[in-house]
Amino acid sequence: MTVELYTKGASVWVPDPEAVWASACLLQDLRPGDGHLLLRLGDGREVQYPVSPPSGLPPLGNPDILEGENDLTALSFLHEPAVLHNLRVRFLDYSSIYTYCGIVLVAINPYEPLPIYGEEVIDAYSGQDTADLEPHIFSVAEEAYRTMIREQKNQSIIISGESGSGKTVSAKFTMRYFAAVGGASQQTSVEERVLASNPIMEAIGNAKTTRNDNSSRFGKYIEIGFGRHGDIIGANMRTYLLEKSRVVFQAPEERNYHIFYQLCAGRELPEMRALKLDAAEQFRYTSQGGEASIPGTDDTADLERTRSALTVLGVGSDQQMELFTAEDRSLAVFSKLLGVERAQMAHWLCHRRLAVGAELLVKPMSGRQAGEARDALAKSVYGQLFGWIVRRLNTALRAQRERPRSVIGVLDIYGFETFDRNSFEQFCINYANEKLQQQFNLVSPMGLFVACISWSPPREGGPPGAAAVQCSSWSIALIEGPLGLLVCPGVQGED
Ligand SMILES: Nc1ncnc2c1ncn2[C@@H]1O[C@H](COP(=O)(O)OP(=O)(O)O)[C@@H](O)[C@H]1O
Ligand SMILES: [Mg+2]
């Protein structure tokens, strides 16, 4: 901080218990040796604010003329209060959820549908120099598309942010943009198929959490392949770290993956009768969260959406029924659906085989152990099924006519959640996110970033508070470093 800038009339930011930061005005120049600044706060109060120059000074406010700038890097002073203030002004006064910070697009979750994603907006961004346009998710998509065409180079868009901040919605808008600008002139269904992968992945990989009714419980990287003329010719998707703990357990107000509720809701449909399903409230794996339905969500209609998306992707109704048979209540139905002999299934759910030297012992398990074995089986079956569907979708999305000239990759990272007690799963997610971020920084400096943020708390309608943006290369060092968590003495291989 330059001490000379602390003159009468300058504005500074001071910590505030409610607003996080509050603006204040200097009533006197800061003189050498001063231990206080004389400030006037927003409510008119005059205070002596203790300081210890040269470093212990409050951050300076930006000139008024820069208020609401659409690129944070244009600010004279770039620090936390300046960033938050500028985002807040843009959001509240300009109704603008997007702001640039250099090559990063900052997106604030509006938590309400906005009329800014229509065809006419796509047209307005398409083919334009993005430097002249207001920040938008479409400007990022356009930048990636243009650079790919101009330089014949692969591009990537990394969408980061905590759970519920708007990553998946942003990823879908980029895909919609590419489908619109990369749609070939002749009738083709490739774009349609790429877009149809979204409802399917959401049905099997998204669940209601306390923060987000449609929270993705996996990380997804989709590469959209373009042909010589910049038209979409195929896609390939990779997923990672599917969360399986919610398959067998849900905390209050959470749900299992949507697909289970969709199937239960559709149980009376003639073709679904064979599954012998009951209401979601009747199953242990779908009822632990308490509330089986989400206000504003119609599981029956969503089942239709999932099924027609599967049809678009060429998964016939026979195969659809095959994959819907993975979950059921009673052992008889369960075994029949899985095609396993019932007695065998009962036996191995309650016993385990131990190898002691050359001998094999069969030992009964306690009720708790058997419960854990059942849960482990359910998680494993679900994981296999998820993998099968992703492979099936990739077959349907593969480019047919030619190999893609270049690709644009869209990474919808696995959004971090912070619980009172964070499990090993959370640790793995955050670690994977940090590594991915690092990888993209190193390998692909051409990558474009979208940082999604939600004002916290998102649900309670309170005033916008501090935004949670996580950024920590030090955490990788903490985990991997010479004395890091993963190499600490005693922790080996499979631990
Ligand atoms: N651009 C947007 N416009 C309107 N609503 C949005 C937008 N982005 C996010 N939302 C709302 O926030 C919810 C959570 O967003 P989502 O993308 O699923 O979060 P994430 O993938 O980061 O966990 C969405 O279901 C939607 O209601
Ligand atoms: Mg998501």
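Computed from the coordinates by the stated procedures, all read-outs in this text should not be read as laboratory data. No experiment lies behind these values; they were computed from the predicted model shown. For neighbour counting, all protein chains shown are included, and Cβ atoms are generated from backbone atoms with ideal geometry for every residue, glycine included.
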Computed D for the stretch 184-250, Stokes-Einstein, Kirkwood radius over alpha-carbon pairs, 10 °C, 1.306 mPa s, to the nearest µm² per second, is 115
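Rank these for me by crowding, Thr73, Thr286, Thr130, going from fewest to most other beta carbons within 10 Å.
Neighbour counts put them in this order, fewest first: Thr73, Thr130, Thr286.
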A chain fully extended from Leu323 to His229 at 0.36 nm per residue, minus the present Cα-Cα distance, gains in nm 30.1 nm
Hits in the stretch 44-85: amide N under 18 Å from the 7 Å Cα→Cβ extension of Ile103, namely 71-74
Computed from the beta carbon distance with a Förster radius of 35 Å, FRET efficiency for Ile294 and Gln426 to the nearest 0.05 stands at 0.90
Going fewest to most other Cβ atoms within 10 Å around each Cβ, Ile413, Ile453 line up as Ile453, Ile413
Contact order relative to length for the stretch 238-311, counting C-alpha pairs under 8 Å separated by 6 or more residues, stands in percent at 35
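On full extension of the chain, what length is gained from Ala376 through Glu67, given 0.36 nm per residue of separation minus the C-alpha to C-alpha distance?
105.8 nm
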Between the alpha carbon centres of the stretch 376-410 and the stretch 417-438 the gap in Å comes to 24
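Work through the residues other than Leu436 whose Cβ is under 12 Å from its Cβ and net out their charges, Lys, Arg +1 and Asp, Glu -1.
The answer is +1.
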Per the rule of 0.36 nm per residue minus the C-alpha distance, extending Ser55 to Ala74 adds in nm 4.5 nm
Label model pair Gln439, Ser245: point-to-point distance (7 angstrom along the Cα→beta-carbon line) in nm is 2.3
Two pseudo-spin positions, 7 Å from Cα along C-beta at Leu269 and at Leu114, lie apart in nanometres by 3.5
Exposure-ranked with fewest Cβ neighbours within 10 Å first, Met201, Met321 stand as Met321, Met201
Trypsin sites (Lys or Arg not before Pro) in the stretch 128-189 lying in a DSSP loop, each with at most 12 other Cβ atoms within 10 Å of its Cβ, come to Lys153
Checked the stretch 35-187 against the a/c 1.5 cut and the a/b vs b/c comparison, axes a ≥ b ≥ c from its Cα gyration tensor; verdict prolate
